[in-house]
1. Quick one: which of Asp190, Asp113 is acidic (Asp, Glu), in contact with an Asp or Glu (Cβ under 7 Å, 6 or more places away or on another chain) and touching a residue at least 60 places away in the same chain (Cβ under 8 Å)?
2. Has segment 66-77 got at least one residue that is assigned to a strand (DSSP E or B), crowded, with 22+ Cβ neighbours inside 10 Å, at pLDDT 95 or above and not charged (D, E, K, R)?
3. Scan segment 157-180 and give yes if some residue there is closer than 16 Å to Val62 by Cα, modelled with pLDDT of 90 or more, surrounded by fewer than 19 Cβ atoms within 10 Å (Cβ to Cβ) and out of contact with any helix residue (DSSP H, G or I) (no Cβ under 9 Å at 6 or more places or on another chain), otherwise no.
4. Kindly provide the set of residues from segment 26-50 that are in a helix (DSSP H, G or I), of a type in the set (D, E, K, R) and closer than 18 Å to Gly173 by Cα, ordered by number.
5. With (1) under 18 Å from Val59 (Cα atoms); (2) in a helix (DSSP H, G or I) as the list, and Arg189 as the residue in question, which single condition is left unmet?
Amino acid sequence: MLTPMAAALSFVLPFLTPLPADREKQVEQIKNATEVFTEVMNIPDKAIPQELLSRAECVVIVPSMKKGAFVVGAHYGRGLVLCRKENRQWGPPSMLSITGGSFGIQIGGQAVDVVMLVMNKKGINFLVGDKFTLGGEASVAAGPVGRATSAETNAAMRAELLTYSRARGLFAGVSLKGALVKPDDDANRDLYGRELSAKTILLEGKAVMPPEAQPLISALAKFR
C-alpha cells in the first residue's frame with residue numbers, strides 16, 4: 001500500500017515531467033529558426049524581398065551553421081523546411097541537415113545562419129528525396145536582398161533555390177554550391193513522436209502542426 005507521501009508524488013510527478021530531451025532539441029531548433037527569420041526580415045533595406053517570399057513554395061532555415069574545427073571548409077548544420085499547402089498556407093516543418101559547400105569570403109570561420117527559398121515544385125521534389133547537392137542536382141543562385149530590381153529578381157527566379165547567409169550581422173545572398181542537403185528522419189521522429197518522412201510531412205499533409213511552430217508560421221504569414 002502506498003504511503004501518503006508516495007501517493008502524493010505519484011500524482012504530482014507526471015505533471016513535472018519535462019519534454020523528452022530529444023524532442024526538446026527539435027523544439028529549440030524551431031525557436032532558433034523563428035528568431036533568425038524574424039531578425040533577417042527586420043534588417044532595414046537588406047531583408048529578403050517580399051515579392052520573392054510570396055512566390056516561394058518552401059522556406060529552409062538553418063540557424064548557426066558551424067565550420068568544422070579540424071576540417072578546412074567543412075560546414076555542418078541542422079534546420080528545418082516548411083512548404084506551402086494547396087491553399088498557400090504554410091504546412092508543418094520537416095527537419096533537415098546540410099553539410100559542406102562554399103559559403104563565400106564574407107563568412108570566414110564564423111557560425112552562419114542560412115536561409116533558402118525554394119521557388120518551384122521541382123525544388124520541393126529534391127527536398128523530399130534521400131538527399132541532393134546544391135548546384136548539382138538542384139540549380140541554386142545567390143538571392144537578391146532589399147529593393148531588388150526586376151532584372152535581378154527575374155534572373156534569380158530561374159533557379160530552383162535562392163540562398164542567403166548571415167554572419168557578423170551581415171546578411172547577403174550567397175551561392176552555397178556543393179552543399180549536401182538531406183532530410184533528418186531521426187529529428188522528425190523526435191519532434192512528432194512517430195516515424196514520418198519528409199514527403200509525408202511536406203506533401204501528403206499527414207503531420208499535425210506542432211504548437212511550438214506556430215510563432216514561425218505567424219512570422220511567415222506576414223509575407224504572403
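The values are calculated or read from the model by the stated rules, or taken from the named source; none is laboratory data. All of these numbers come straight from a predicted model, not from anything done at the bench. Heads up, the Cβs are rebuilt from the backbone with ideal geometry, glycines too, and the neighbour counts pull from every protein chain shown.
1. On inspection, the qualifying residue turns out to be Asp190.
2. No: zero hits.
3. Checking segment 157-180: at least one residue is closer than 16 Å to Val62 by Cα, modelled with pLDDT of 90 or more, surrounded by fewer than 19 Cβ atoms within 10 Å (Cβ to Cβ) and out of contact with any helix residue (DSSP H, G or I) (no Cβ under 9 Å at 6 or more places or on another chain).
4. Glu39
5. For Arg189, the exception is condition (1).
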